[in-house]
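**Student:** Structure incoming, see below.
The values are calculated or read from the model by the stated rules, or taken from the named source; none is laboratory data. Treat the numbers as computed from the prediction; the structure is a model and nothing was measured. Cβ atoms come from the backbone with ideal geometry, glycine included; neighbour counts cover every protein chain shown.
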Amino acid sequence: AQTVTQSQPEMSVQEAETVTLSCTYDTSESDYYLFWYKQPPSRQMILVIRQEAYKQQNATENRFSVNFQKAAKSFSLKISDSQLGDAAMYFCAYRSAEPWEYGNKLVFGAGTILRVKS
Amino acid sequence: DTEVTQTPKHLVMGMTNKKSLKCEQHMGHRAMYWYKQKAKKPPELMFVYSYEKLSINESVPSRFSPECPNSSLLNLHLHALQPEDSALYLCASSQDGGTSSGANVLTFGAGSRLTVL
């Protein structure tokens, strides 16, 4: 079974600075998807960024970028120019490329609480 | 419309009550999900509906009963719950449950906060 590990329970960053959240995963599959979700105090889970394993290029969404190291099974999230609104719980997640009917599901890490200081 | 709407936002119920949580989306998504989330923990999958049919039940106790009346609506019926069932219940949807790129993007609702007394 696949597992996702987030080794940083909490992180802090000064407004306007850069922070990197770590994520490692374990899988024997070659085709899969990786995600970072953000959950602010408002509770809604919001997709931040998605990476397809067969793509070597790291995904980027505005101030958010990932460092995807497939061989090392590492998928870190870099937030540049941090803003107060970035404060949230961040979850790394894995999903196999197999369809749901094969028992495939989204596997979440334990989460990292990000605090942004003004 | 790019939202998943969940009602009610908050629910308090006794252990003998019967209540329901409702989830609605109008994005044309054909897969819908129920997750349970405890404080500061990741969401745990409960049920998956694909094309209005239950495709995954993660061994959830029968006091939770899902229902998918149509492709836009997902209900979770609650009966004889225990205090440990108190949690945030999240609904999500995706384009489908297959292998397309869109199948892998889940859109979540804001959740229903359930308290069982």
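**Student:** Pull up the stretch B:1-20, narrow it to residues that are surrounded by 14 or more Cβ atoms within 10 Å (Cβ to Cβ) and among the hydrophobic types (A, V, I, L, M, F, W, C), then point me to the one that is farthest from B:Ala80 (Cα to Cα).
**Tutor:** It comes out as B:Val4.
**Student:** Here is a further query. Could you figure out which of (1) more than 30 Å from B:Ser112 (Cα to Cα); (2) hydroxyl-bearing (Ser, Thr, Tyr); (3) assigned to a loop (DSSP other than H, G, I, E, B) isn't true of A:Thr20?
**Tutor:** (3)
**Student:** Here is a further query. Looking only at residues that are facing chain B (nearest Cβ under 8 Å) and part of a loop (DSSP other than H, G, I, E, B) in the stretch A:33-46, which one is nearest to the chain's Cα centre (by Cα)?
**Tutor:** Here the residue is A:Met45.
**Student:** Go through the residues of the stretch B:58-75 one by one and say whether even a single one is more than 14 Å from chain A (Cβ to nearest Cβ) and of a type in the set (Asp, Glu).
**Tutor:** Checking the stretch B:58-75: at least one residue is more than 14 Å from chain A (Cβ to nearest Cβ) and of a type in the set (Asp, Glu).
**Student:** Moving to a separate point now. Among the residues of the stretch B:69-83, which ones are more than 19 Å from B:Ala110 (Cβ to Cβ) and either touching a residue at least 24 places away in the same chain (Cβ under 8 Å) or part of a loop (DSSP other than H, G, I, E, B) (or both)?
**Tutor:** Those that are more than 19 Å from B:Ala110 (Cβ to Cβ) and either touching a residue at least 24 places away in the same chain (Cβ under 8 Å) or part of a loop (DSSP other than H, G, I, E, B) (or both): B:Ser71, B:His77, B:His79, B:Ala80, B:Leu81, B:Gln82, B:Pro83.
**Student:** On the basis of being hydrophobic (A, V, I, L, M, F, W, C), away from chain B (no Cβ under 13 Å) and more than 10 Å from the chain's Cα centre (by Cα), does A:Ala87 make the cut? Explain how you work it out, then say what you get.
**Tutor:** Working: hydrophobic (A, V, I, L, M, F, W, C): yes; away from chain B (no Cβ under 13 Å): yes; more than 10 Å from the chain's Cα centre (by Cα): yes.
Criteria met by A:Ala87.
**Student:** Within the stretch B:85-100, how many residues turn out to be touching a residue at least 24 places away in the same chain (Cβ under 8 Å) and over 18 Å from B:Glu3 (Cβ atoms)?
**Tutor:** Counting residues in the stretch B:85-100 that are touching a residue at least 24 places away in the same chain (Cβ under 8 Å) and over 18 Å from B:Glu3 (Cβ atoms) gives 5.
**Student:** So, in the stretch B:21-54, of the ones that are under 20 Å from A:Phe108 (Cα atoms) and facing another protein chain (nearest Cβ under 8 Å), which residue ends up surrounded by the most Cβ atoms within 10 Å (Cβ to Cβ)? Write out each step before concluding.
**Tutor:** Step one: list which residues in the stretch B:21-54 are under 20 Å from A:Phe108 (Cα atoms), which gives B:31-49.
Add one more test, that the residue is facing another protein chain (nearest Cβ under 8 Å), and what stays is B:31, B:40-43, B:45, B:48.
Working: B:Ala31: 23, B:Lys40: 10, B:Lys41: 15, B:Pro42: 22, B:Pro43: 27, B:Leu45: 19, B:Val48: 24.
Of everything passing the filter in the stretch B:21-54, B:Pro43 is surrounded by the most Cβ atoms within 10 Å (Cβ to Cβ).
**Student:** Of all the strands (runs of 3 or more DSSP E) wholly in the stretch A:47-109, which have at least 2 residues that are closer than 15 Å to A:Asp31 by Cα, out of contact with any strand residue (DSSP E or B) (no Cβ under 9 Å at 6 or more places or on another chain) and modelled with pLDDT of 95 or more?
**Tutor:** none
Here is a yes/no grid of residues against (1) at pLDDT 90 or above; (2) aromatic (Phe, Trp, Tyr); (3) at negative phi; (4) over 12 Å from the mean Cα position of the chain (by Cα):
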residue: B:Thr5; (1), (2), (3), (4): yes, no, yes, no
residue: B:His10; (1), (2), (3), (4): yes, no, yes, yes
residue: B:Thr16; (1), (2), (3), (4): no, no, yes, yes
residue: B:Met32; (1), (2), (3), (4): yes, no, yes, no
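**Student:** Is there any pair with a first residue in the stretch A:2-21 that is without any contact (Cβ under 8 Å) to a residue 40 or more places away in the chain and a second that is of a type in the set (Gly, Ala, Ser) whose Cβ atoms are under 7 Å apart and which are 6 or more apart or on different chains, and what are they?
**Tutor:** The qualifying pairs are A:Ser7/A:Ser22.
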